[in-house]
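What follows is a single structure, written as structure tokens, with notes after it.
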Amino acid sequence: MLLTDSINIQTRDNIQLLHINNAFATAEISLFGGHILSFTPKHDNRDRLWLSKKAIFDGTTAIRGGIPVCWPWFGAHKSNSDLAAHGYVRTQTWDILNTEETDTGTIIKLTPQTSIGEGLEGKAQLTLEVHVGQQLKIQLHTTNIGDSPLTYDCALHSYFTISNITQCELFGLSEQYSDKTRDYQLFETPKPYRFNEETDRVHLETPSTLTIIDKQIKTDIQSTGHDSIVVWNPWQDKSINMLDMENDSYLTMLCVETAITKSQTVNPNETHVLEQIII
């Protein structure tokens, strides 16, 4: 596969990384997991994505931070608790299908070595299209290549970097959410939406734009093709118990995830696109 002039391949531990450096931004993508690790627009030189300083790059463990691809289920598998959380493609090596330079940035298309595995009923072809420009545009394409309807869940599990979780605010959500930390009970979205404890919430709404305000610095997150927004921060106790997080690293990250948690069905020969744009 020929790479465009803005892309080069480097290796970190056991993983190949794509480094993108064009007129608009720099970015880094791990071929293990099809996993975007960083995105830094050149107009402000601020990396939008958070990556744990203790992230593991051994080629078998999912990388902590960036934008993991959760597919074909989100969280635990609904019927088989022995299967890995968040599906199997985030621990696969992905292949480069195509790269292209355009007037607005660099486009990279990736696909996992297989989209068919235990826990998925049906056959699918999965493609991740990443556009690195003034914005970061991520599209997860799921095509049903089988003979019967395909049903799955998925998410772009984005970790955003912030200065301090206790001083940031999330805008754009207004309806009820299901709280995993409280036995999935339903609660009204807080106003203002700030953070002072472990947060693991599935917001059952589909806003087109969310905004994180962190010390007057704004990060916008646009979503399409989703049925939910997931908001997550492990807080201190869970961070301490995670091998791939520092004890206080929960202070500098917030996950705002574009997700399908109520199941998406795609008919044979049709494609669904889950999209997130980070500004």
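Does region 215-230 hold any residues that are of a type in the set (D, E, K, R) and either within 17 Å of Ile260 (Cβ to Cβ) or at pLDDT 95 or above (or both), and which are they? If you could, list the steps in order and put the result at the bottom.
Of the residues in region 215-230, the ones of a type in the set (D, E, K, R) are 215, 218, 220, 227.
Answer for region 215-230, where residues must be of a type in the set (D, E, K, R) and either within 17 Å of Ile260 (Cβ to Cβ) or at pLDDT 95 or above (or both): Lys218, Asp220, Asp227.
Examine region 61-68 for a residue that is over 25 Å from Ile221 (Cβ atoms) and in contact (Cβ under 8 Å) with a residue 60 or more places away in the chain, and state whether such a residue exists.
yes
Are there strands (runs of 3 or more DSSP E) fully within region 110-170 with at least 3 residues that are more than 17 Å from Asp47 (Cβ to Cβ) and at pLDDT 95 or above? List them. So that I can check it myself, show each step before the final result.
Values: elements: 124-132, 136-144, 150-156, 159-161.
Strands (runs of 3 or more DSSP E) meeting the threshold: 124-132, 136-144, 150-156.
Mind checking whether some residue in region 238-249 is touching a residue at least 60 places away in the same chain (Cβ under 8 Å), in contact with a helix residue (DSSP H, G or I) (Cβ under 6 Å, 6 or more places away or on another chain) and either hydrophobic (A, V, I, L, M, F, W, C) or surrounded by fewer than 19 Cβ atoms within 10 Å (Cβ to Cβ) (or both)?
Checked region 238-249: at least one residue is touching a residue at least 60 places away in the same chain (Cβ under 8 Å), in contact with a helix residue (DSSP H, G or I) (Cβ under 6 Å, 6 or more places away or on another chain) and either hydrophobic (A, V, I, L, M, F, W, C) or surrounded by fewer than 19 Cβ atoms within 10 Å (Cβ to Cβ) (or both).
For the structure I just gave you, tell me whether Ile229 is in contact with a Lys or Arg (Cβ under 7 Å, 6 or more places away or on another chain), in contact (Cβ under 8 Å) with a residue 24 or more places away in the chain, buried (at least 20 other Cβ atoms within 10 Å of the Cβ) and closer than 25 Å to Lys137 by Cβ.
no
In region 87-109, how many are acidic (Asp, Glu) and either part of a loop (DSSP other than H, G, I, E, B) or modelled with pLDDT under 95 (or both)?
The total comes to 1.
When you check Ala55 against the structure, is it in a loop (DSSP other than H, G, I, E, B), in contact (Cβ under 8 Å) with a residue 24 or more places away in the chain and in contact with a helix residue (DSSP H, G or I) (Cβ under 6 Å, 6 or more places away or on another chain), yes or no?
Judged against the criteria, Ala55 is not a match.
Condition check ((1) among the polar types (S, T, N, Q); (2) in a loop (DSSP other than H, G, I, E, B)) across all residues:
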| position | (1), (2) |
| --- | --- |
| Ile212 | no, no |
| Thr219 | yes, no |
| Ser223 | yes, no |
| Val231 | no, no |
| Lys238 | no, no |
| Leu243 | no, yes |
| Asn247 | yes, yes |
| Leu254 | no, no |
| Ile260 | no, no |
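Look through region 173-213, keep the residues that are in contact with a helix residue (DSSP H, G or I) (Cβ under 7 Å, 6 or more places away or on another chain) and acidic (Asp, Glu), and return whichever of them is nearest to Thr261 (Cα to Cα).
Asp200
The values are calculated or read from the model by the stated rules, or taken from the named source; none is laboratory data. Treat the numbers as computed from the prediction; the structure is a model and nothing was measured. Don't worry about glycine lacking a Cβ; one is built from the backbone with ideal geometry, like all the others, and counts go over all protein chains shown.
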